[in-house]
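Take a look at the structure set out below.
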Amino acid sequence: MAVPSAATGAVAFGSGTLFLVFLKAGALLFGSGYVLLAFIRADLVERLHWLTEQQLLDAIAVGQFTPGPVFTTATFVGYILSGTTGATVATTAIFLPAFIYVAISGAVMPRLRASPIAAGVLDGVNVASLALMAAVSWQLARAAIIDVPTAMLAASALIGLMMFPVNPAWLMAAGAVIGRAVYRIAP
């Protein structure tokens, strides 16, 4: 990682801060791992300035392309920031709250869902999570769709996902091949 400067407003990197950022994200995520993107963007791109928008997009792509949960994005972000140590710190921090929550909530969740008030709260959190995912998707799309070829790829992928039961990994592979071909022809 480049050394942060006072001129950029970047905060000096620290493993403890990285742990806390991902611990907070892991503790507050609800509904989907895609909400993670809102936390990463807010903390690591906008507040700490440890990542650029492009690095975040690359981390998301790696998280989507690799097997496993979208949380692998956290591992890749940690790796970008501090190699193997950063990857280990970020991965541990993002998954730790889930293990604790599962241990605690296993017996409690059926009773919560049985309560109309608690069920309403959980439903409200689900809707708020969906809104967060939509907002971050919009922000990331604005950063990723930079020209006509990327707009065409995005539209084709969206149509493919909506009309056909295609595996997203195939769409990503096709996007990589097409993107390489397009930008090899016209850099």
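The values are calculated or read from the model by the stated rules, or taken from the named source; none is laboratory data. Keep in mind that this is a model prediction, so the values were computed, not measured. Cβ: placed from backbone, ideal geometry, glycine included. Neighbour counts: every protein chain shown. Quick note on the areas: whole protein, heavy atoms, side chains included, nothing else; ligands and nucleic acids left out. Shrake-Rupley method; radii C 1.70, N 1.55, O 1.52, S 1.80 Å.
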Margin query: Scan segment 106-124 and tell me whether some residue there is open to solvent by 40 Å² or more (accessible area, probe 1.4 Å) and in contact with a Gly (Cβ under 9 Å, 6 or more places away or on another chain).
Written below: no
Of the residues in segment 20-31 that are over 9 Å from Leu96 (Cβ atoms) and open to solvent by 30 Å² or more (accessible area, probe 1.4 Å), the one that is modelled with the highest pLDDT is Leu20
Those residues of segment 145-167 that are among the polar types (S, T, N, Q), open to solvent by 70 Å² or more (accessible area, probe 1.4 Å) and assigned to a helix (DSSP H, G or I) come to a total of 1
Of the candidates Arg184, Arg142, the one satisfying the condition of being within 25 Å of the chain's Cα centre (by Cα) and open to solvent by 80 Å² or more (accessible area, probe 1.4 Å) is Arg142
Looking across segment 45-57 at residues that are assigned to a helix (DSSP H, G or I) and open to solvent by 70 Å² or more (accessible area, probe 1.4 Å), the single one that is farthest from Val11 (Cα to Cα) is Gln54
Legend entry - Check on Ile80, open to solvent by 40 Å² or more (accessible area, probe 1.4 Å), of a type in the set (A, V, I, L, M, F, W, C) and either more than 17 Å from the chain's Cα centre (by Cα) or farther than 23 Å from Leu51 by Cβ (or both): no
Checking Thr75, Thr88 in turn, the sole residue that is among the β-branched types (Val, Ile, Thr), assigned to a helix (DSSP H, G or I), open to solvent by 50 Å² or more (accessible area, probe 1.4 Å) and at pLDDT 90 or above turns out to be Thr88
Checked pairs for segment 145-172, first under 17 Å from Ala61 (Cα atoms), second assigned to a loop (DSSP other than H, G, I, E, B), C-beta under 7 Å and 6 or more apart or across chains, list as Ala151/Ile145; Ala154/Ile145
